[in-house]
Amino acid sequence: MPVATLTLSSKNYSSWSLRGWLMARLAGIDFKEEMVEADDPGARAELLLLAPSVRVPRLTHGAISVWDTLAIGEYLNEIRPEAGLLPADPAARAHCRSICGEMHSGFSALRSALPMNLKAHFPKFTVWSRAKGDIERVQEIWADCLQRYGGPFLFGARPTLADAMYAPVVTRFQTYDVALDAVCAAYCQTILAVPAMQEWIAAAKSEPDDIEELEMEF
């Protein structure tokens, strides 16, 4: 029997749900999924970037409940340190936490201009200028980490919290046909090839519910 429950919203649209779910998979904990209905007002507000706080995903582990994605990641690292969700080296660990925090609190233009939608594909999508700045910063972070720690993941040979935090950005770049340099394009393929990511994407594409406001037309 699973000892934990992970509450999620849409697998197709919710980048935060993907982050928390991927962290739990990387940690190797046994958990069951509990899906929030697509018409739930709170979940819908979060997906449309209208809510002041994000309460999904939520990890319930015995008597412990954790509902912020970074807090979930830190908690998972505490109970499963052998999973290597944070680098062992103190300097690399601080670096990892920094870029996770940057993803957690920043990139608002990227979020609003390129909402996560795994079912869709918009070739030759025109990205507006503020979002371009966010895309450039993401590529700068990726290139620096891959060069510094040797890849194929951001902090070396195994995925960490940083890869989970940036995984939804990888899907956005694919959905909106964002042109990337060779190093960053290769990193995207590395993330998309992770079995847990393939599992999530397959589930997202079979998800029946659509949110009209996020089905962009051009």
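Values quoted throughout were computed directly from the atomic coordinates according to the rules given, and no laboratory measurement underlies them. It should be emphasised that the depicted structure is a prediction, and the values quoted were computed from it without experimental measurement. With ideal geometry, Cβ positions are generated from the backbone for all residues, glycine too; neighbour counts draw on all protein chains shown.
One quarter of the convex hull surface, Cα atoms only: what value does that give for the chain in nm²?
Mean projected area for the chain: 11.8 nm², to one decimal.
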Highest average packing first - 61-70, 183-192, Cβ atoms within 10 Å
183-192, 61-70
Roughly how many nanometres apart are two label points built 7 Å out from the Cα toward the Cβ at Ser206 and Val3?
2.9
Please work out the C-alpha center-to-center distance from the stretch 137-182 to the stretch 94-126 and express it in whole Å.
11
Could you list Ile99, Ile79 in order of exposure, starting from the residue whose Cβ has the fewest other Cβ atoms within 10 Å?
Ile79, Ile99
Using 7 Å Cα-to-Cβ label points, what is the Arg130/Ile79 separation (nm, one decimal)?
3.8
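By Kyte-Doolittle mean hydropathy of at least -1.0 and Cα axial length of at least 24 Å, which whole DSSP H helices of the chain are selected?
On the way: long enough: 129-149 (30 Å, -0.89).
The answer, listed by residue number, is 129-149.
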Highest to lowest packing among 11-21, 102-112, scored as the average C-beta count within 10 Å
11-21, 102-112
Stretched out fully, how many nm does the piece from Arg158 to Asp30 gain, at 0.36 nm a residue minus the Cα gap?
44.1 nm
Structure-based [θ]222 nm, the chain - -39500 (n - 2.57) summed over DSSP H runs of at least 4, per residue, nearest 500
-16000 deg cm²/dmol
What's the exposure ranking of Ile29, Ile72, going from fewest to most Cβ atoms within 10 Å?
Ile29, Ile72
Amide proton proximity set for Gly106, modelled H, under 5 Å, gap of 5+
none
Within the chain: Cβ-based charge dipole about Cα centre, in debye rounded to nearest 20 (Lys, Arg +1; Asp, Glu -1):
500
Expected unfolding gain across His121-Ser98 under the 0.36 nm per residue rule, minus the alpha-carbon gap, is 5.2 nm
Cβ density ranking, 10 Å radius, fewest first, applied to Thr171, Thr7, Thr160 yields Thr7, Thr171, Thr160
